[in-house]
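Trainee: Okay, here's the structure, questions in a sec.
The values are calculated or read from the model by the stated rules, or taken from the named source; none is laboratory data. Nothing here was measured: the structure is a model prediction, and the numbers come from that model. Neighbour counts are summed over all protein chains in view; Cβ atoms, including those assigned to glycine, are modelled from backbone coordinates with ideal geometry. These accessible areas exclude ligands, DNA and RNA; they are computed on the full protein's heavy atoms, side chains included. Shrake-Rupley method; radii C 1.70, N 1.55, O 1.52, S 1.80 Å.
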Amino acid sequence: MQTAAGVVLAGGRSSRMGRPKAGLAWHGSTFLYRTSALLGRAVDGPVVVVAAPGQTLPGLPDGVAVVQDPVEGLGPMQGVAAGLAAVADRAEIAFVCSTDMPFLHPAFVRRVLRGMDDTKADMLLPFARGFRQPLAAGYRTSLAGLITTLIGEGDLRPGMLFKHCEVVQFDDAQLLDDSALKRFDPELESVVNVNTPEDYATALGRRPPTVVVERFGALAGKDGHRPTEIEAATLGAAADAVGLTLDRHVVAAVNGDQVYRDAKLPLVTGDSVAFLSADAGG
């Protein structure tokens, strides 16, 4: 597997929403925090956020860097080029997405990146839910120079890039041949964008993801470490649901993997969270 980075585009004008989308709240975090942290869970390389010149961003997860788009108003491909260039020395491929994707699932990101490994394409372009998804796609980081050249020649649309490199499209069926993605995001809602106030109202009305929580050791209490299903979009919400507080005494392992203390860490459908006592070596 090639080293993979994550690139989040935060500098769009949000003209249909009427206010910056990066700072919109959704179940305990902002769109930008959630999207960038979800990429951090899905890739093994750096995660960067591309901001417009002078743009003020909400808080970001630890380790996520900010890259300034050098020129305002040239559209998303300028941001793609800036993001790819920023990570090209540390990753061969990158998943690129916009900030307004609160339903993005790490399984979707991994499926796209695995497709890039399998096909050796310059770009893995999902054709999901009836549309091309260039802002939920896999790119070779080496494309940064080509994109910059095309923009300089006046080719600002994502479709112009497709004529100059090897692009492989995956339709719904090809994406869903991944068992994890089919189980946790069968409708491919990962690619759903929140573009308008009406979209945002609909997103806010959705229930948080269903996750499984366990408590171990001194945190287990009289019921032991029996798994419990709850609804929680962040690690902090999961802790609250079982009467815990994430602090220096309590940590959490997500899916038996890395240990976290970040209360705003996003959770997704299918996650398993194990709370451990840090005082006992957790």
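Trainee: Calculate how many DSSP beta bridges within the chain are antiparallel, expressed in % of all such bridges and rounded to the nearest 5. Intermediate results must be reported in sequence, preceding the final value.
Mentor: On the way: 23 of 46 bridges.
Of the beta bridges lying entirely in the chain, close to 50 percent run antiparallel.
Trainee: Where does the chain land at 222 nm, in deg cm²/dmol rounded to the nearest 500, when only DSSP H runs of n ≥ 4 count, each adding -39500 (n - 2.57), divided by all residues? Display every interim value, and only then the final one.
Mentor: Details: 9 runs with 76 residues, N = 282.
Value at 222 nm, helices only: -7500 deg cm²/dmol.
Trainee: Calculate the dipole size of region 1-97 relative to its Cα centre from +1 charges on Lys and Arg beta carbons and -1 charges on Asp and Glu beta carbons; express the result in debye to the nearest 20. Please list the in-between numbers first.
Mentor: Details: 7 positive and 6 negative charges, 94 e Å.
In debye, rounded to 20, region 1-97 gives about 460.
Trainee: So, one more: For region 49-133, what is the convex hull volume of its Cα atoms per residue in Å³?
Mentor: On the way: hull volume 10.9 nm³, N = 85.
For region 49-133, the hull spanned by Cα atoms encloses 128 Å³ per residue.
Trainee: I'd like to check one number: the per residue accessible area of the chain, probe 1.4 Å, reported in Å² as a whole number.
Mentor: Values: 12620 Å² over 282 residues.
For the chain, the solvent-accessible area averages 45 Å² per residue.
Trainee: Same structure again: With a cut-off of 8 Å between alpha carbons and a minimum separation of six or more residues, what is the relative contact order of region 94-226 in percent?
Mentor: Numbers: 146 pairs, mean separation 40.6, N = 133.
Normalised by residue count, the contact order of region 94-226 is 31 percent.
Trainee: A further question on this structure: Which one is right for this structure if P(r) over Cα pairs in 10 Å bins from 0, in percent is calculated from it: (i) 6, 24, 29, 20, 13, 6, 2, 0; (ii) 7, 29, 34, 21, 7, 2, 0; (iii) 6, 22, 27, 23, 15, 6, 2, 0?
Mentor: Identified label for the calculated read-out: (ii).
Trainee: Report residue 77's accessible area, 1.4 Å probe, all protein chains in place, as a number in Å² to the nearest 10.
Mentor: 10
Trainee: Right, here's the next one. Which of rounded, prolate or oblate describes region 155-253 when judged by the alpha-carbon gyration tensor and an a/c cut-off of 1.5? Present the calculation step by step, with values, prior to reporting the outcome.
Mentor: Details: a/c = 2.72, a/b = 2.17, b/c = 1.25.
It is prolate, given that a/c is not under 1.5 and a/b is the larger ratio.
Trainee: Could you please state how large a percent of the accessible area of region 9-167 is carbon and sulfur, counting protein chains only and using a 1.4 Å probe? Don't skip to the end; give the middle numbers.
Mentor: Numbers: 3270 of 6340 Å².
Within region 9-167, the accessible surface is 52 percent carbon and sulfur.
Trainee: Please determine, in degrees from 0 to 90 and to the nearest 10, the orientation of helix 76-87 with respect to the longest principal axis defined by the Cα atoms of the chain, where the helix direction is its Cα long axis.
Mentor: Tilt relative to the chain: about 70 degrees.
Trainee: Continuing with this model, one more query. Ratio of alpha-carbon Rg to the 2.2 N^0.38 Å globular estimate for region 5-61, to two decimals, please.
Mentor: Numbers: Rg = 11.4 Å, N = 57, 2.2 N^0.38 = 10.2 Å.
For region 5-61, the normalised Cα radius of gyration comes out at 1.12.
Trainee: Follow-up. Using only the alpha-carbon atoms, how far is helix 31-42 inclined from the longest principal axis of the chain? Give it as 0 to 90 degrees, nearest 10.
Mentor: 80
Trainee: I'd like the antiparallel share, as a percent to the nearest 5, of DSSP beta bridges with both residues in region 230-282. Kindly include the intermediate steps, with their values, before the conclusion.
Mentor: Details: 8 of 8 bridges.
Beta bridges within region 230-282, antiparallel portion: roughly 100 percent.
Trainee: Can you compute 3J(HN,Hα) from phi for each residue in region 60-70, using the Karplus curve 6.51 cos²θ - 1.76 cosθ + 1.60 with θ = phi - 60°, rounded to whole Hz and x for Gly and Pro?
Mentor: Per residue, the Karplus-derived 3J(HN,Hα) values read 10, x, 4, x, 8, 9, 10, 10, 7, 5, x Hz.
Trainee: To the nearest 20 debye, what is the magnitude of the charge dipole of the chain about its Cα centre, counting +1 on the Cβ of each Lys and Arg and -1 on the Cβ of each Asp and Glu? Each step should come with its number before you reach the end.
Mentor: On the way: 26 positive and 32 negative charges, 71 e Å.
Dipole of the chain, to the nearest 20 debye: 340 debye.
Trainee: Enumerate by residue number the trypsin sites (Lys or Arg not before Pro) in region 165-221 meeting two conditions: DSSP loop (anything except H, G, I, E, B), and at most 16 other Cβ atoms within 10 Å of the site's Cβ.
Mentor: Numbers: sites: 182, 183, 206, 215; in loops: 206.
Passing sites in region 165-221 are 206.
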